[in-house]
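Have a look at the structure below before the remarks.
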Amino acid sequence: MRRIIIFDTTLRDGEQSPGASLNRAEKVEIARQLARLGVDVIEAGFPIASPDDFEAVRAVANEVRDVIVCGLARTLDADIERAAASLEKAAKPRLHVFCATSAIHRQFKLRKAKEEIIRMTVEGVRKARQYVDDVEFSPEDATRTEPDFLAQVVAAAIDAGATTINIPDTVGYAVPEQFTELIGYLLKNVPNIPKAAISVHCHNDLGLAVANSLAAVKAGAAQVECTINGLGERAGNAALEEVVMALRTRADYFNCTTGIDTRRILATSRLVSSLTGLHVQRNKAIVGENAFAHEAGIHQDGVLKERTTYEIMRPEDVGFSASQFVLGKHSGRHAFRERVRALGYNLTDEQLESAFARFKQLADRKKEVFDDDIEALIEEELAVTVAKEFVLESLHTSSGTTTTPTATVRLRRADGEVIEDAAIGDGPVDATYRTIERITGISARLTDYRIRAVTSGKEALGEVSLEIESEGQRVRGRAISTDIIEGSAIAYLKAINRLISLRRAGGKKDQRAPSP
């Protein structure tokens with residue numbers, strides 16, 4: 001199998017996404033993660049663009065030693081000198097020079113004749129070779145360049161010393177069949193093409209960046225330039241995660257592999273999303289929240305019986321813990337039964353059928369049915385009433401980099417008694433939970449804790465959902481608040497109250513299945 005070189009340009013082209021901006025420390029953090037992910041080349045920036053970009057490229061070059069670090073430059077002496085200076089300390093430096101070649105760019109942007117474009121290309125590549133042995137050349141807007149002229153430019157760049165020739169679809173104009181033909185044309189009509197690796201850099205203006213990149217690989221390209229989450233100018237670039245997983249999943253067709261540790265894809269995606277502030281859409285391939293989520297009953301039933309019926313990849317292979325079954329109005333009995341069992345309940349067939357009927361009624365009114373909703377249905381089925389044994393009266397927490405996290409909690413019991421206590425912890429939430437344990441006298445282990453934003457903006461509502469285990473019983477709690485610490489406390493108290501109600505019910509403890 002051919003090994004495809006993965007050239008990541010998240011820190012250069014990805015950062016050019018409108019709304020995305022990374023400082024030097026953030027670039028270094030992403031570069032470290034990209035190295036762990038296993039990319040072959042990191043394009044760290046465009047050093048001539050600004051002093052900060054120069055310093056960022058230099059910092060990445062100093063930090064990442066096992067990956068090729070690349071700096072971008074036009075075929076101008078000042079650009080190349082600046083990029084070379086930023087890579088002085090790099091263990092594996094690459095200079096990437098580019099010059100526009102299409103008729104529209106020659107006429108309106110550069111105002112240069114074809115002969116001048118070839119001269120600029122040769123001089124730029126030769127200049128770069130004075131500093132490094134690894135030089136990549138890109139004929140900008142290659143897919144709108146006359147094929148015969150493009151072949152002349154590519155041949156001249158290789159003769160001048162370019163070791164990688166990148167064919168960019170700069171404005172996302174190509175379609176897969178055309179791109180395949182272009183790569184084939186160059187392989188056939190550039191005599192010295194075996195001396196250089198063919199690379200592709202596709203933009204997503206028509207939503208074809210990944211398709212075009214894969215078509216080029218099939219045609220013989222050795223390197224794909226891409227970004228995490230498909231970030232980039234305008235509609236973005238080819239998404240690294242989609243290219244890599246397509247090559248892996250369809251190895252039977254492409255007969256290619258990469259050096260990417262795919263289990264780190266999700267973590268890398270979330271890091272980039274967090275630092276750039278550009279969120280991944282729910283239905284984004286590979287890394288979207290819905291990528292391995294199923295709601296349709298037929299799909300859920302199929303996956304439960306045999307995963308490959310509706311999943312062509314394992315969620316674990318890209319970093320998810322497991323497939324997710326979203327319970328809603330399209331869900332069936334099989335998925336509902338599995339969720340009930342996962343929550344720790346063991347119902348009779350009659351109880352399960354009754355609870356499922358009520359679940360369907362609820363699902364018709366809600367987009368998504370949460371575990372709290374299901375537990376409430378089951379507890380009603382088991383005739384367990386959740387009493388408010390403890391209610392939060394007040395909460396005060398203090399924490400900081402030089403302060404031991406402390407929580408003071410006041411609870412009101414059902415009989416009216418008010419109890420107040422305090423404790424310290426690893427953080428404000430941990431301190432709050434320790435205090436609640438002291439007041440209620442119930443010791444529990446937190447087995448699941450999740451926070452998600454329900455609304456947007458500075459005063460967004462946050463939802464806290466959690467699960468606790470005590471003496472073999474597992475219960476859940478959920479709360480919504482603009483204050484995540486308060487929400488965490490209320491959710492924990494709801495779980496404690498549910499636990500107390502189950503124990504008081506007597507005989508209901510044996511309704512719980514062994515912990516999964």
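The values are calculated or read from the model by the stated rules, or taken from the named source; none is laboratory data. If you're wondering where the values come from, they're calculated on a predicted model, not measured in any experiment. Neighbour counts run over all protein chains shown; Cβ positions are idealised from the backbone, glycine included.
Name the single residue, out of those in segment 37-57 being assigned to a loop (DSSP other than H, G, I, E, B) and under 22 Å from the mean Cα position of the chain (by Cα), that is surrounded by the most Cβ atoms within 10 Å (Cβ to Cβ). Please lay out each step first, then the result.
First pass over segment 37-57, keeping only residues assigned to a loop (DSSP other than H, G, I, E, B): 38-40, 46, 50.
Retained after the next criterion (residues that are under 22 Å from the mean Cα position of the chain (by Cα)): 38-40.
Numbers: Gly38: 16, Val39: 29, Asp40: 18.
Once the filter is applied, the top-ranked residue is Val39.
Among Pro51, Pro93, which is the only one that is free of Cβ contacts under 8 Å to residues at least 12 places away in the same chain and more than 23 Å from Ala142 (Cβ to Cβ)?
Values: Pro93 fails: free of Cβ contacts under 8 Å to residues at least 12 places away in the same chain.
Residue meeting the stated conditions: Pro51.
Among the numbered criteria (1) at pLDDT below 90; (2) more than 27 Å from Val28 (Cα to Cα); (3) assigned to a loop (DSSP other than H, G, I, E, B), which single criterion is violated by Met313?
Unmet condition: (1).
Within segment 283-310, take every residue that is modelled with pLDDT under 75 and in a loop (DSSP other than H, G, I, E, B) and give me the one that is farthest from Val369 (Cα to Cα).
Ala296
Within segment 25-57, track down each residue that is farther than 26 Å from Thr262 by Cα and of a type outside the set (Gly, Ala, Ser).
Listed by number, the residues that qualify are Phe46, Pro47, Ile48, Pro51, Asp52, Asp53, Phe54, Glu55.
Within segment 455-469, can one find any residue that is among the hydrophobic types (A, V, I, L, M, F, W, C), surrounded by fewer than 19 Cβ atoms within 10 Å (Cβ to Cβ) and under 34 Å from the mean Cα position of the chain (by Cα)?
Initial filter on segment 455-469 (among the hydrophobic types (A, V, I, L, M, F, W, C)): 460-461, 464, 466, 468.
Keeping just the survivors that are surrounded by fewer than 19 Cβ atoms within 10 Å (Cβ to Cβ) gives 460-461.
Imposing the further condition that a residue be under 34 Å from the mean Cα position of the chain (by Cα) reduces the set to 460-461.
Yes, because at least one residue in segment 455-469 is among the hydrophobic types (A, V, I, L, M, F, W, C), surrounded by fewer than 19 Cβ atoms within 10 Å (Cβ to Cβ) and under 34 Å from the mean Cα position of the chain (by Cα).
Spot the failing condition for His299; the list is (1) of a type outside the set (Ser, Thr, Tyr); (2) touching a residue at least 12 places away in the same chain (Cβ under 8 Å); (3) surrounded by 18 or more Cβ atoms within 10 Å (Cβ to Cβ), and only one is missed.
Answer for His299: the failing condition is (2).
For segment 211-264, which positions are under 15 Å from Asp13 (Cβ atoms) and assigned to a helix (DSSP H, G or I)?
Narrowing segment 211-264 to residues under 15 Å from Asp13 (Cβ atoms): 213, 223-240, 243.
Passing the criteria: Ser213, Ile228, Asn229, Gly230, Leu240, Val243.
In segment 251-303, how many residues are among the basic types (Lys, Arg) and under 20 Å from Gly207 (Cβ atoms)? Even if it seems obvious, please write down each step before you answer.
Going through segment 251-303, the residues among the basic types (Lys, Arg) turn out to be 263-264, 270, 282, 284.
When the remaining residues are screened for being under 20 Å from Gly207 (Cβ atoms), the result is 282, 284.
Selection size over segment 251-303: 2.
I want to confirm something. Restricting to segment 421-445 and keeping residues that are touching a residue at least 24 places away in the same chain (Cβ under 8 Å), touching a helix residue (DSSP H, G or I) at 6+ places or on another chain (Cβ under 8 Å) and of a type outside the set (S, T, N, Q), which single residue is farthest from Arg503 (Cα to Cα)? Let's see the steps before the verdict.
Pass one, segment 421-445, residues touching a residue at least 24 places away in the same chain (Cβ under 8 Å): 427-436, 439-440, 442-445.
Right, trim to touching a helix residue (DSSP H, G or I) at 6+ places or on another chain (Cβ under 8 Å) and you get 428-429, 432-433, 436, 440, 442-444.
Imposing the further condition that a residue be of a type outside the set (S, T, N, Q) reduces the set to 428-429, 433, 436, 442, 444.
Numbers: Pro428: 29, Val429: 26, Tyr433: 20, Ile436: 18, Ile442: 12, Ala444: 14 Å.
This residue is Pro428.
Limited to segment 343-371, what total is found for residues that are among the basic types (Lys, Arg) and closer than 24 Å to Gln473 by Cβ?
Looking only at segment 343-371, we keep the residues that are among the basic types (Lys, Arg), and these are 358, 360, 365-367.
Subset that is closer than 24 Å to Gln473 by Cβ: 358.
Adding up the residues that qualify gives 1.
Yes or no, residue by residue, for (1) under 17 Å from Val391 (Cβ atoms); (2) modelled with pLDDT of 95 or more; (3) of a type in the set (Gly, Ala, Ser):
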position	(1), (2), (3)
Leu411	yes, yes, no
Ala431	no, yes, yes
Leu446	no, no, no
Gly457	no, no, yes
Leu466	no, no, no
Glu469	no, no, no
Leu499	yes, no, no
Lys508	no, no, no
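Search segment 68-92 for residues being under 25 Å from the mean Cα position of the chain (by Cα) and surrounded by 23 or more Cβ atoms within 10 Å (Cβ to Cβ), and hand back the single one that is farthest from Arg12 (Cα to Cα). Step through it out loud before you land on a result.
Applying the first criterion (under 25 Å from the mean Cα position of the chain (by Cα)) to segment 68-92 yields 68-71.
Cutting the leftovers down to surrounded by 23 or more Cβ atoms within 10 Å (Cβ to Cβ) gives us 69-71.
On the way: Val69: 12, Cys70: 10, Gly71: 9 Å.
Across segment 68-92, the extreme among qualifying residues is Val69.
Can you pull out the residues in segment 340-355 that are in a helix (DSSP H, G or I) and surrounded by fewer than 18 Cβ atoms within 10 Å (Cβ to Cβ)?
Quick first cut of segment 340-355, residues in a helix (DSSP H, G or I) only: 340-342, 349-355.
Result: Arg341, Ala342, Asp349, Glu350, Gln351, Glu353, Ser354.
Which ones in segment 174-206 are in a loop (DSSP other than H, G, I, E, B) and surrounded by fewer than 18 Cβ atoms within 10 Å (Cβ to Cβ)? Can you show your working first?
Kept after step one, since they are in a loop (DSSP other than H, G, I, E, B), are these residues of segment 174-206: 174-175, 190-192, 196, 204-206.
Within segment 174-206, Val175, Pro191, Asn192, Asp205, Leu206 qualify.
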